[in-house]
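Note sheet for the following structure.
The values are calculated or read from the model by the stated rules, or taken from the named source; none is laboratory data. What you see is a predicted model, and the numbers here were worked out from it, not measured in a lab. Heads up, the Cβs are rebuilt from the backbone with ideal geometry, glycines too, and the neighbour counts pull from every protein chain shown. These accessible areas exclude ligands, DNA and RNA; they are computed on the full protein's heavy atoms, side chains included. Shrake-Rupley method; radii C 1.70, N 1.55, O 1.52, S 1.80 Å.
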Amino acid sequence: MNSARACFATAVTFTTTLFACTSSPQLIDVVEATIPQIQDQIRSGRTTCRLVVQAYLDRINTYDQATVNAITVVNPNALMRADEIDEAVQEGQELGPLFCAPLLVKDNFDTHDLPTTGGSIALMGNLPPDDAFMVKRIREADGIVLAKTNMAEWAFSARQTVSSSYDTTANAYALDRVPAGSSGGTASGVAASFGVAGLGTDTGNSIRGPSSHLALVGIRSTIGLTSRDGVIPLSFDRDIAGPMARTVEDAARIFNVVAGYDPADPYTEAGRGRRETDYTIALDENGLRGARIAVMRDLVDTEDADSAVVRVFEQAVADLARLGAQIVDPLEFDLEEQRRRPNMSCRRFRYDMYVYLGSLGEGAPIRDVLKVLETGQYSGYSENSLRRYEGMPLDIHPADDDPPCHDYLENEGRQAYLSALVSAMDAAQLDAIIYPTWRNPPAHIDRGNEEYRGDNSQVVAPATGMPAITVPMGFTYGNLPAGLQILARPYDELLLFRLAYAYEQGTHHRMPPGGFPAL
């Protein structure tokens, strides 16, 4: 064995950073590290997967509970998995595209080896029989599930991230502010470099909103392109799961792994064959040149819009033009007319939870989510949301109820909204539409409900099923992040990654939060 390999083997065995030879692998600074940077360092022998994972674990142990409270449980097998990857590297084995990417996973993704509570104390003992589809894909790609992250209870809140299982998560950029909800734990954890990236879910806001509040990239895919199997549902006809990352490239790399057909999720039948082979081919610094992008002014010029956020957005529009985009301002489209369409939202949480709890088999802690109202296993803020579903059928699909509420593809109102917006884009020869992800800064954590306003993520993508990505567009009031949201036609995720990457590379707004320096 040559000296470099000997030093590498020593590093796999011991976690100390002091080695007998000068070329020994060393601990690296993982603050703002990307997936390709980590992998390059491992391939070159400058570090090992064990040292990378240890670095993130050290950051969690040092910072999390004292600051943001983003992490619910750490994977006790993470270092063992890192050792297996190091051994495979030494043996020259072919590794998956996410090898040694330590990821933070929201607490509503099933993990066979870690509890999955959905933010509810009623599920504190819930150890699912298998992994969610996306988690399984991550592990098969040699990614590492480093830890689970806190979330709003049952994903009820877009405002804040408070659970009865693990309490309150703060915004890593300002501990007196909210990270939004419900994926606030993943957002603050990734922003503070507790993991290289993470997974979140988005029923109306919960990937894009927290990503915006934490200067991250978050994508909500087209309904049907990604599987929700093994994810605790809020509303199955609107739920989406996907990556949250510090860079567009990392988000695209993870999306490559988690997107695609899944026979366990019937919605993905519509997206079968629509997945691109490789979304990273879209990562072109000149990707905005010639793109026609329209401003949805109805989501900018409102009475409640914060002037500082609007100024940052107007600069983003100017930057898009500077980078080669053709700006259409405003988009001619009656947004309110579409939003007033009837029967576009189904009250199906109780039914969807009945299906999910059934998937847990004999080990399910409860069979009906409304049982928590009898046991008192809920936080005060979630009671009203739970009681909305009293009287709703437990085991009848909403489409079979009276009156029926149809799934996305059969829902006339949602399909009409989609058709109208795509037609407006076609008429203006548009590639994409933009607006602020939130038109207000993060609320104060002690006034999360009172200061909830400006959540634009709820308005277009969830109802239409169209894909949308948020990318950092700067800061307001010194250190409060704001996000630019880009919306495209169904299955146009490749375009979204192209536009977001070109904007990211042309502006470089991402900065780490203070208070979490390298160890």
**Message:** Suppose the Debye formula is applied to equal point scatterers at every Cα of the chain; what is log10 I(q)/I(0) at q = 0.07, 0.11 Å⁻¹?
**Reply:** -0.36, -0.90
**Asked** Sorting I35, I281 by accessible area (1.4 Å probe), largest first, what list results?
**Response** I281, I35
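For the peptides 336-344, 266-274, 154-162, what is the packing order when you average, over each peptide's residues, the other Cβ atoms within 10 Å and list the highest mean first?
Result, highest mean Cβ count within 10 Å first: 154-162, 266-274, 336-344.
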**Request:** Could you pull the accessible area for K136 with a 1.4 Å probe, rounded to 10 Å²?
**Result:** 110
**Asked** Once the whole set of protein chains is in place, how much accessible area is left on H508, using a 1.4 Å probe, in Å² to the nearest 10?
**Response** 120
**Asked** Among A158, L299, S193, whose Cα lies farthest out toward the positive end of the dipole of the chain, if unit charges sit on the beta carbon of Lys, Arg (+1) and Asp, Glu (-1)?
**Response** S193
**Message:** Please report the carbon-and-sulfur percent of the accessible area for the chain; probe 1.4 Å, protein heavy atoms only, DNA, RNA and ligands left out.
**Reply:** 47
**Message:** If I take every Cα pair under 8 Å that is 6 or more residues apart in the chain, average their sequence separation and divide by the length, what percent do I get for the relative contact order?
**Reply:** 16
**Item:** Sequence of H213, H112 from largest to smallest accessible area, 1.4 Å probe
**Value:** H112, H213
**Request:** Counting only heavy atoms of the protein chains, get the accessible area per residue of the stretch 400-460 (1.4 Å probe) and round it to a whole Å² value.
**Result:** 43
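What is the calculated FRET efficiency for V328 to R272, with r their C-beta to C-beta distance and R₀ = 41 Å, to the nearest 0.05? All intermediate terms of the calculation are to be shown ahead of the outcome.
Details: r = 33 Å, r/R0 = 0.81.
Computed FRET efficiency for V328 and R272: 0.80.
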**Fill in**
For 395-405, 51-61, 72-82, ranked highest to lowest by mean beta-carbon neighbours within 10 Å, the order is 51-61, 72-82, 395-405
**Request:** Give a quick list of GluC sites (Glu not before Pro) in the stretch 92-181 that DSSP marks as loop, anything other than H, G, I, E or B, with at most 16 other Cβ atoms within 10 Å.
**Result:** E94
**Message:** Please compute the per residue accessible area over the stretch 203-291 with all protein chains in place, 1.4 Å probe, rounded to a whole number of Å².
**Reply:** 27
**Prompt:** Over the stretch 16-104, with a single point scatterer placed on each C-alpha, what log10 of the ratio I(q)/I(0) does the Debye formula yield at q = 0.12, 0.14, 0.19, 0.21 1/Å?
**Reply:** -0.38, -0.51, -0.90, -1.08
**Prompt:** Rounded to the nearest 10 Å², what accessible area does L373 show when all protein chains are kept and the probe is 1.4 Å?
**Reply:** 30
**Item:** Equivalent-ellipsoid semi-axes of the stretch 238-310, from the Cα gyration tensor, Å, largest first
**Value:** 30, 19, 14
**Asked** With every protein chain present, what is the per residue accessible area of the stretch 464-505 (1.4 Å probe, Å²)?
**Response** 19
**Request:** Check each of the GluC sites (Glu not before Pro) in the stretch 389-429 and keep only those in coil by DSSP with at most 11 other C-beta atoms within 10 angstrom; list them in order.
**Result:** E390
**Message:** Using the basic label-point model (7 angstrom from Cα toward the beta carbon), what is the D301 to D446 distance in nanometres?
**Reply:** 3.8
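For the chain, give the magnitude of the charge dipole about the Cα centre (Cβ charges: +1 Lys/Arg, -1 Asp/Glu; no others), in debye to the nearest 20.
Values: 44 positive and 68 negative charges, 159 e Å.
The calculated dipole for the chain is roughly 760 debye.
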